[in-house]
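What follows is a single structure, written as structure tokens, with notes after it.
Nothing in this text is a laboratory measurement; each read-out follows from the coordinates by a stated rule. What you see is a predicted model, and the numbers here were worked out from it, not measured in a lab. Here the Cβ positions follow ideal geometry from the backbone for every residue, glycine too, while neighbour counts run over all protein chains shown.
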Amino acid sequence: MFERIRRRHAAEPSEMQRRHFEMWARLEGQVPPEVERMRAELQPAEPATLVDDFLPPELRVPSPAQLDGRMMPWKQPLVMNGEMVACTECGAYRDWLVLSTRDQVWLRCRTGHQQHEPRLDTAWYNRHAAPADATHATFEDCLRHLGH
């Protein structure tokens, strides 16, 4: 019995399937009138005016290309590879200024001695530095701002 039903269904579509295919063929190229009305309303009558959405110059953050470098204070001792870093001239081991410039990191002690630290890189600086709170025109202005 089921075999006869399967053969009959496989041979010809049912009346319901035939009506569905006919209805689908009639509706295929049509667009509802509401869609045409909405398309007409969406067409802008005139182009929108352009608005300058940039921040005012005093609120803009300078890009890295516009900066000669960045500095941050480092009050605690700096330990790398189990060894405490000390100033090569005066022996100070805390209260550093860490300077990042031209893909190099420099350390400056409280007395003003500077030394290049090849074990640190810009990625290390970026991980440990807080957001900049000010920009300065000269190196000395930045030193004064950080209390050195």
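Residues Asp141, Asp103, arranged from fewest to most other Cβ atoms within 10 angstrom of their Cβ, appear as Asp103, Asp141.
Just checking the listed ones, His136, His113, His20: in the Gaussian network model of the chain with Cα springs under 10 Å, the one fluctuating most is His20.
Mind checking which of Pro77, Pro47, Pro131 has the largest fluctuation in a GNM of the chain, springs on alpha carbons under 10 Å? For the chain, modelled as a Gaussian network with Cα springs under 10 Å, the answer is Pro47. Positive end of the dipole of the chain (Cβ unit charges, origin at the Cα centre): among Leu50, Thr88, His136, the Cα lying farthest that way belongs to Thr88.
Once you charge only the Cβ atoms, +1 for Lys and Arg and -1 for Asp and Glu, what is the size of the charge dipole of segment 1-114 about its Cα centre, to the nearest 20 debye? If you can, show how the numbers build up before the last one.
Working: 16 positive and 17 negative charges, 139 e Å.
Using only the charged Cβ atoms, the result is roughly 660 debye.
For the chain, the longest principal axis of the Cα atoms and the long axis of helix 2-11 meet at an angle of about 80 degrees.
Comparing Gln30, Ala40, Ala65 along the charge dipole axis of segment 18-67, the residue lying farthest to the positive side is Gln30, per the Cβ-charge model. Given a 10 angstrom Cα cut-off, can you work out which residue in Trp24, Trp124, Trp74 is the most mobile in a GNM of the chain? Of Trp24, Trp124, Trp74, the Gaussian network model singles out Trp24 as fluctuating most. Of all the Cα-Cα pairs you can form in segment 16-148, what percent are over 24 Å apart? Tail of P(r) above 24 Å: 55 percent of Cα pairs. Kirkwood's formula applied to the C-alpha pairs of segment 2-42 gives a hydrodynamic radius of 13.2 angstrom. Principal semi-axes of the equivalent ellipsoid, √(5λ) from the alpha carbon gyration tensor of segment 92-136, are 17, 14, 10 Å from largest down.
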